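Structure, as structure tokens:
The values are calculated or read from the model by the stated rules, or taken from the named source; none is laboratory data. Computed from a predicted model, the values in this text were never measured in an experiment. Note that each Cβ is placed from the backbone with ideal geometry, even for glycine, and that neighbours are counted across all protein chains shown.
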Amino acid sequence: MEIASIRACFFVMAKHIKLFIPGPIEVRKEILDAQTKWMIGHRGKPFEELYAGIQTKIRPVFQTTSRVFISTSSGTGLWEAAARNCVPDDGTVLATVCGAFSERWADVFSRCGKPTVTLTVQEGKPITPELLELEISKAARPFDAIAIVHNETSCGVINPLAELVAVIKRLTPNTLILVDAVSSLGGVDINFDGLGLDVLLTSSQKCFGLPPGLSFAAVSDRALERARSIKNRGYYFDFVEMEAFGKKNNTPSTPAISLLHALDVQLDAMHAEGLANRYARHKRLATMTREWVHESNLEVFAEQGFQSPTVTCVRNTRKLDVSALNRYLETKGMVISDGYGKLKDTTFRIAHMADTSEADLQELLTHLNDFVACSAPL
Ligand SMILES: *Cc1c(COP(=O)(O)O)cnc(C)c1O
């Protein structure tokens with residue numbers, strides 16, 4: 001091979017594009033490197049210590065004093081776990097739907113054979129306490145579980161979780177509350193014990209700033225008890241198995257050990273930053289992004305008051321060519337996301353989560369300004 005082509009090849013391999021897409025998000029080099037530790041067996045003491053250390057560090061992120069299950073799967077696996085462990089085959093789950101992800105979770109309940117009722121709002125709008133109250137009072141008998149996607153990544157809506165939970169606790173206290181916080185937990189304050197949630201699940205590749213491959217769920221005693229009474233929970237996602245092994249600081253099957261090393265290092269970093277500081281930084285990043293949207297004569301897609309602190313969905317009112325925009329950003333070593341699902345062609349999304357700094361985001365916004373100024377003069 002000639003020197004030039006070797007150089008070109010190396011350049012392609014080494015080219016680093018910073019991810020401002022809502023998963024997988026940018027991962028710091030230190031975290032990537034943590035995955036290269038020597039392999040250990042998962043049935044030995046060093047693994048138990050790793051697992052136990054992770055438990056003491058991850059529980060405060062979920063604001064729980066009980067268990068956080070660690071699954072070697074993406075968050076979708078834990079959607080399925082919530083369905084199979086928490087809803088009896090002859091029961092009913094109410095799935096609230098406000099976009100593409102919550103719609104898919106509703107579909108997962110159905111595909112697991114669980115009778116599913118949906119409460120759907122238009123994309124961009126939140127699930128409100130009033131609508132939830134109406135749906136609960138219409139039901140012939142109490143729902144066995146209610147599913148809420150806290151932060152709908154497809155349209156950048158954050159739902160008023162505490163208010164929704166208050167409605168459920170008041171009207172139907174025995175109903176399990178299942179919450180997807182895949183694109184919020186770690187970037188937004190969520191108090192599992194304080195709210196009295198039953199399942200709170202998230203993925204590694206969003207606000208935790210890890211590579212994809214792991215997902216985490218806090219699970220209440222009540223949900224575990226429910227699981228014990230439900231047949232055909234399967235094995236891989238069985239909460240009862242996870243609990244039995246978790247008590248021994250272990251997992252039912254071989255976990256992604258390299259990712260657990262990365263998680264261990266990242267949890268230290270999250271606590272070093274301070275969780276409150278982390279939440280505040282996410283709010284500042286969201287504010288910066290929304291200001292850019294307004295200054296650029298574009299619009300935030302989500303309704304005012306329910307705009308996500310971790311991802312901004314932008315209504316592309318100036319008909320910017322998002323593919324061309326990303327080709328331009330790529331030359332600057334960055335990428336943003338196009339719209340998702342039904343909103344693919346009319347919106348684009350900027351993720352501002354995990355370890356993104358104000359300086360990182362400012363750099364992105366500067367490049368966006370340059371592109372917008374040349375391509376779509378007002
Ligand atoms: C990304 C995402 C999912 C899917 O998670 P995976 O880890 O890709 O399985 C589910 N819900 C929300 C809100 C998401 O943003």
Quick one: residue 156 ticks every box in (1) at positive phi; (2) away from the ligand (no atom under 16 Å from the Cβ) bar one, so which box is it? (2)
Matching residues in the range 63-89 (more than 16 Å from the ligand (Cβ to nearest atom) and in contact with an Asp or Glu (Cβ under 9 Å, 6 or more places away or on another chain)) number 9
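Helices (runs of 4 or more DSSP H) wholly in the range 261-378 with at least 1 residues that are modelled with pLDDT of 95 or more and within 30 Å of residue 48 (Cβ to Cβ) - which ones? Spell out how you get there, then give the answer.
Numbers: elements: 275-295, 322-331, 358-375.
Correct list: 275-295.
Find the residue count for the range 242-256, including only residues that are assigned to a helix (DSSP H, G or I) and either crowded, with 18+ Cβ neighbours inside 10 Å or touching a Leu at 6+ places or on another chain (Cβ under 8 Å) (or both).
First pass over the range 242-256, keeping only residues assigned to a helix (DSSP H, G or I): 242-246.
Applying the additional criterion that residues be either crowded, with 18+ Cβ neighbours inside 10 Å or touching a Leu at 6+ places or on another chain (Cβ under 8 Å) (or both) yields 242-243, 246.
Total satisfying the criteria: 3.
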Meets criteria (outside the structural domain of residue 340 (by TED's automatic domain parsing), within 13 Å of the ligand (Cβ to nearest atom), within 26 Å of residue 304 (Cβ to Cβ) and part of a helix (DSSP H, G or I)) for residue 105: yes
Which members of the range 186-214 meet the condition of being part of a strand (DSSP E or B) and either over 13 Å from residue 23 (Cα atoms) or free of Cβ contacts under 8 Å to residues at least 60 places away in the same chain (or both)? 188, 199, 200, 201
Checked the range 96-112 for anything more than 17 Å from the chain's Cα centre (by Cα) and more than 17 Å from residue 226 (Cα to Cα); matches are 107, 110, 111
